[in-house]
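To keep things clear, I will list the structure first and then write my remarks on it.
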Amino acid sequence: MPAADWNTLAALKRRLVRKALSYAIFIADTDTVTLTAPFDTGGVLQTLPAGYQPIGYTDDSGITWSGDYSLSEVASGQSAKPVRADVETDTVTAQFVPIETNAASTCLFEDLPLSSLGEVGTPWDWSRPMVPATIYRRMVAIARDTTEGGTDPIYIVRHLPLALRSERGEEQWVRTEAISREVTMAAYHDDGAGTDSRTWVDGPGWRALGGTSSGGGGS
């Protein structure tokens, strides 16, 4: 066999190191249509369907995508290692901390229908029920990066067609920080969408990177 060229073998691509330079989170009621085509045929990001409301600013911890993944393993008397493994649990969660006091972030934290609160500036009033309702949402998160020149955008769009607030963290009131309301959203399988999570990567900047995913060169 021929000697390996390390740069070719390692195939390191600096231009494929992505960051969420900016991101946005949107939620909608389940009577809103699911997201099926966030980009046009040219890779241009499209407007979201009507009904998706922005969460606005979050704190600098960003969005943490997590979940639970576990295997069911079969042991045997003839092997010290499992002889079979099957996926038992595979879930997706998104944790973030809104710092805007708007209708979407407040309804999400308080587990209210999005129609419960009016526009900012109108009087708001809500009470905690004896038995909280189980309110599913639709959720879209969009991360935006750019190519090195900073001109061509690259987007990662993630859609949870059926999401439930699975955890509510602290609501913090302190003089030195913005009022914050931590939430965790858990993804559930949506029969219409056929999945619990769908992800797209596209944009003019992404298409301009064509040919950098294989072959040599680290730039």
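The numbers here are math on the coordinates, done by the rules we state, and not lab data. Small disclaimer: the values here were computed from a predicted structure and weren't measured. When we count neighbours, we look across all protein chains shown, and the Cβ atoms used for this are built from the backbone with ideal geometry, even at glycine.
Of the residues 183, 131, which is in contact with a Leu (Cβ under 6 Å, 6 or more places away or on another chain) and at negative phi? Quick ask: steps written out before the conclusion?
On the way: 131 fails: in contact with a Leu (Cβ under 6 Å, 6 or more places away or on another chain).
Going through 183, 131 in turn, just one is in contact with a Leu (Cβ under 6 Å, 6 or more places away or on another chain) and at negative phi: 183.
Quick one: residue 60 ticks every box in (1) under 17 Å from the mean Cα position of the chain (by Cα); (2) touching a residue at least 24 places away in the same chain (Cβ under 8 Å) bar one, so which box is it?
Unmet for residue 60, out of (1) under 17 Å from the mean Cα position of the chain (by Cα); (2) touching a residue at least 24 places away in the same chain (Cβ under 8 Å): (2).
Restricting to the stretch 48-93, count the residues that are among the aromatic types (Phe, Trp, Tyr) and in a strand (DSSP E or B). Show your work before the answer.
Step one: of the stretch 48-93, the residues among the aromatic types (Phe, Trp, Tyr) are 52, 57, 65, 69.
Then keep just the ones that are in a strand (DSSP E or B); that gives 65, 69.
Residues that pass the stated criteria total 2.
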